[in-house]
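Structure first, commentary second.
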Amino acid sequence: MIGLFDSGSGGLSVLQAIRKRKPTADVVYFGDIKHAPYGTREASELVHLATGGLRTLRMFGAQEIVSACNTVSPHVLSHGAEGADVIEMTRPAARGMRHYAGGRVLLMATPATVKSRIYESAFGGMVILHQHPFVELAGAIEFGAHDDKIRDIVRTEFQKRWRQPLDYVFLGCTHYPFARHIIEEEARVAFGNVEILDPADSVAEETERRFDTAGSGSIYFRASQDSEHFRRRIRELFPEYEDTMKILV
Ligand code: DGL
């Protein structure tokens, strides 16, 4: 069974991409809602949370793990958790980015991801990278902020880079695909004709290539705290599995 980990519901965007490629994959998904959002936390806390998340998934029977959270990637990579049985976001993202080599890319990510400079090393000069931290966006999406509020956050941050010449806007947080339509509209206003890039399919492709996806297509949801918005997101995307949800105590 494959385990998926995120601070909350963001990793569901990666689960969607995996299911699209491999509907037969058996998955246990853990959302650490109790500690969300991760992106404004210190590196030392993130090490602890990432280790705990991976341990929780193994406890639930995951033999292979997709760490569907960009914010913990530096800790998954640097603490040796990335073995043959762990896939994180940034390396598959970099493989996908080869198609856009030489492009001008705006990385949208959490403050912790930007601070870690993980995407600078992952992309390694392949693209012209501009990094922009979004302090509130992942939390707003996680806890069900109204679209107007999400638009306001995106617009305010994009205005700080008004008319910057760009080719691509890269979604460096797994929560952001849930606000993709807003990001796309606001990016067009601020930067003109840019393309939105989501690494979820590159991660799914790597999952398909490296992990055992030949199961019966079951999904089990686990969370460290109950959340109506998390449940709603599951209901929208994976309605037949909502009843599998268990809250850890
Ligand atoms: N979805 C996560 C990421 O990809 C974490 C966002 C957060 O909890 O701040 O970075």
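The values are calculated or read from the model by the stated rules, or taken from the named source; none is laboratory data. Keep in mind that this is a model prediction, so the values were computed, not measured. Counting neighbours? That spans all protein chains shown, and the Cβs are built from the backbone with ideal geometry, glycine included. Only protein heavy atoms, including side chains, enter the accessible area calculation; ligands, DNA and RNA are left aside. Shrake-Rupley method; radii C 1.70, N 1.55, O 1.52, S 1.80 Å.
Taking the criterion of being open to solvent by 20 Å² or more (accessible area, probe 1.4 Å), closer than 25 Å to residue 152 by Cα and either polar (S, T, N, Q) or modelled with pLDDT under 95 (or both), the only residue of the range 190-249 that qualifies is 193.
Here residue 223 meets each of (1) in contact (Cβ under 8 Å) with a residue 40 or more places away in the chain; (2) away from the ligand (no atom under 16 Å from the Cβ) with one exception, condition (2). Taken across the range 148-161, residues that are within 14 Å of the ligand (Cβ to nearest atom), under 16 Å from residue 70 (Cβ atoms) and either open to solvent by 10 Å² or more (accessible area, probe 1.4 Å) or at pLDDT 95 or above (or both) do not occur at all.
Restricting the search to the range 5-31, which residues are in contact with a helix residue (DSSP H, G or I) (Cβ under 8 Å, 6 or more places away or on another chain) and among the basic types (Lys, Arg)? Within the range 5-31, 20, 21, 22 qualify. Which one of these does residue 98 not meet: (1) in a loop (DSSP other than H, G, I, E, B); (2) open to solvent by 20 Å² or more (accessible area, probe 1.4 Å); (3) modelled with pLDDT of 95 or more? So the condition that residue 98 fails would be (1). Kindly indicate whether residue 105 is in contact with a Leu (Cβ under 6 Å, 6 or more places away or on another chain) and more than 15 Å from the ligand (Cβ to nearest atom). For residue 105, the condition - in contact with a Leu (Cβ under 6 Å, 6 or more places away or on another chain) and more than 15 Å from the ligand (Cβ to nearest atom) - is met. With respect to the conditions (1) in contact with a Phe, Trp or Tyr (Cβ under 7 Å, 6 or more places away or on another chain); (2) open to solvent by less than 20 Å² (accessible area, probe 1.4 Å); (3) away from the ligand (no atom under 16 Å from the Cβ), residue 168 falls short on a single one, namely (2). Taken as a whole, the structure leaves residue 127 outside the set of residues that are closer than 23 Å to residue 97 by Cα and within 16 Å of the ligand (Cβ to nearest atom).
Take the conditions (1) surrounded by fewer than 19 Cβ atoms within 10 Å (Cβ to Cβ); (2) over 21 Å from residue 172 (Cα atoms); residue 28 misses just one of them, which is (1). Any residue at all in the range 107-119 that's out of contact with any helix residue (DSSP H, G or I) (no Cβ under 8 Å at 6 or more places or on another chain), more than 28 Å from residue 229 (Cα to Cα) and in a loop (DSSP other than H, G, I, E, B)? Within the range 107-119, one or more residues are out of contact with any helix residue (DSSP H, G or I) (no Cβ under 8 Å at 6 or more places or on another chain), more than 28 Å from residue 229 (Cα to Cα) and in a loop (DSSP other than H, G, I, E, B).
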